[in-house]
Amino acid sequence: MCKKVSVLVVLVAVAACFASTSLAAVSIPVDLKRDSEDAEFICVGETIPPHANDVRARQAAGSSEVTCRFRIDRVLKGDIEPGQTIELKYLYGQQHYSGYDLVMLKRSGDSFVYSRIECSVPVSEEAYSVYKKSGDVMANLRWEMINSLQSSSEWVVHSALAQAGILTKSDIEVYTKPKINDPDLRTQASALGVCIAAGMDGYVIPALEVVEKLCGSDNNEGSGVPTSLLNQLTKLQIKPAMMAPVAAKLDSKSAEVRRIASFMLRQSKVDAAVPYLKSALNDSDSEVRYNAVFGIAMIKGDPKHAPSMDKFTEDEQAYIGYWKSQL
């Protein structure tokens, strides 16, 4: 525990030196399935950050480069031995490490740099089963994410759920579905997004209910809802049996839930959605009303009355009035 705390203190100090660059880039997404192809080496281990004074000295010299050390515990790709500590350079001074990470690297002289993005993936330091490196990089990555899904750290679990694209449907059944009952609502939401992406339509309504809890009646922006879940809900083609339960969410106190429900109905492009979208024309939220107008116009085959959001905002009542008169 003392080691972890000391690492965190140093990380904070280092990040403070490069706040202008680091904080702006924290949200850079890592996609293991995509990014692993460019990596010469994929390793798991502990990042040992530089002393804050070293960072300040480099900054004073006009250099953004930061050099850390990285202790390799597991190798997922590449011909490099675990147990050694390597020099890892951050060329742009953007520190995206948690302390214990998965990194994707390539050689640069006598040291290493990131192969694609200066961003690592937090993983579990504890191994819940015996790791044996195979020649199948995807299988090695799957082991690492499955291992992290068993972590007691919500941060590590969220990170693993974000990489669910490398998991099989069987992995999701065994290791992700249990997270739907996690005490943490964001973990529940992320797990539900993974299940929906895997074709488990039965979790759509529970997902909307979790969104409702995350938003609360006073939060109209949905800032606490994982983007991964929102993406899955809004690209879903809802089936007829889901129509009424989704439409029932148009009565939610949360504007964010009503926006998602109206968008899902808009995307359905079937006549059965029209009565529900008609009722949404009277919603107090302009985005819900826009989804209703656009959805009805598309279903009725009338693109002339399916405006852009800007056009709708300019003359909202004209579009709403038109569809009320037609239905």
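Some points to look at:
The rows are residues; the columns are (1) within 28 Å of Ile196 (Cβ to Cβ); (2) of a type in the set (D, E, K, R); (3) touching a residue at least 12 places away in the same chain (Cβ under 8 Å).
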position: Ile80; (1), (2), (3): no, no, yes
position: Arg107; (1), (2), (3): no, yes, yes
position: Pro122; (1), (2), (3): yes, no, yes
position: Val137; (1), (2), (3): yes, no, yes
position: Leu141; (1), (2), (3): yes, no, yes
position: Ile146; (1), (2), (3): yes, no, yes
position: Leu149; (1), (2), (3): yes, no, yes
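- Qualifying residue in the range 130-153 (condition: within 28 Å of Val66 (Cα to Cα), touching a Ser or Thr at 6+ places or on another chain (Cβ under 6 Å) and hydrophobic (A, V, I, L, M, F, W, C)): no
- Search result, residues across the range 311-324 that are more than 14 Å from Val274 (Cα to Cα) and either part of a helix (DSSP H, G or I) or outside the structural domain of Tyr290 (by TED's automatic domain parsing) (or both): Lys311, Phe312, Thr313, Glu314, Glu316, Gln317, Ala318, Tyr319, Gly321, Tyr322
- Residues (out of contact with any Leu (no Cβ under 8 Å at 6 or more places or on another chain), assigned to a helix (DSSP H, G or I) and either aliphatic (A, V, I, L, M) or modelled with pLDDT of 95 or more (or both)) located in the range 155-168: Val156, Ala164
- Scan of the range 297-310 for residues that are of a type outside the set (Gly, Ala, Ser) and outside any helix (DSSP H, G or I), ordered by number: Lys300, Asp302, Pro307
- Screening the range 297-316 for residues that are closer than 23 Å to Ala244 by Cα and among the small types (Gly, Ala, Ser) and picking the one that is surrounded by the fewest Cβ atoms within 10 Å (Cβ to Cβ) gives Gly301.
- Across the range 247-284, the qualifying residues are those that are closer than 14 Å to Val211 by Cβ and hydroxyl-bearing (Ser, Thr, Tyr), and the one among them that is modelled with the highest pLDDT is Ser262.
- Boolean, Asn147 is at pLDDT 95 or above, touching a strand residue (DSSP E or B) at 6+ places or on another chain (Cβ under 7 Å) and buried (at least 20 other Cβ atoms within 10 Å of the Cβ): no
- Identity of the residue in the range 215-246, among the polar types (S, T, N, Q) and modelled with pLDDT of 85 or more, that ends up nearest to Ala197 (Cα to Cα): Gln232
- Here Thr234 meets the list (1) of a type in the set (Val, Ile, Thr); (2) touching a Phe, Trp or Tyr at 6+ places or on another chain (Cβ under 8 Å); (3) buried (at least 20 other Cβ atoms within 10 Å of the Cβ) almost entirely, failing just condition (3).
- Residues located in the range 259-296, provided they are out of contact with any Asp or Glu (no Cβ under 6 Å at 6 or more places or on another chain), more than 17 Å from Met242 (Cβ to Cβ) and part of a helix (DSSP H, G or I): Lys278, Ser279, Ser286, Glu287, Val288, Tyr290, Ala292, Val293, Phe294, Ile296
- Residue match in the range 172-189 (condition: without any contact (Cβ under 8 Å) to a residue 24 or more places away in the chain, touching a Leu at 6+ places or on another chain (Cβ under 6 Å) and closer than 23 Å to Val257 by Cβ): no
- Test: residue in the range 317-324 that is surrounded by 14 or more Cβ atoms within 10 Å (Cβ to Cβ), in contact (Cβ under 8 Å) with a residue 24 or more places away in the chain, out of contact with any Pro (no Cβ under 9 Å at 6 or more places or on another chain) and under 30 Å from Ile196 (Cα atoms): no
- Applying the condition of being of a type in the set (S, T, N, Q), assigned to a loop (DSSP other than H, G, I, E, B) and touching a helix residue (DSSP H, G or I) at 6+ places or on another chain (Cβ under 9 Å) to the range 125-152 and asking which residue is farthest from Ile180 (Cα to Cα) yields Ser134.
- Residue count for the range 164-221 under the criterion of being of a type in the set (Asp, Glu) and either within 30 Å of Asp136 (Cβ to Cβ) or buried (at least 21 other Cβ atoms within 10 Å of the Cβ) (or both): the result is 3.
The values are calculated or read from the model by the stated rules, or taken from the named source; none is laboratory data. This structure is a prediction, so every number in the text was calculated from the model and none was measured. Note that each Cβ is placed from the backbone with ideal geometry, even for glycine, and that neighbours are counted across all protein chains shown.
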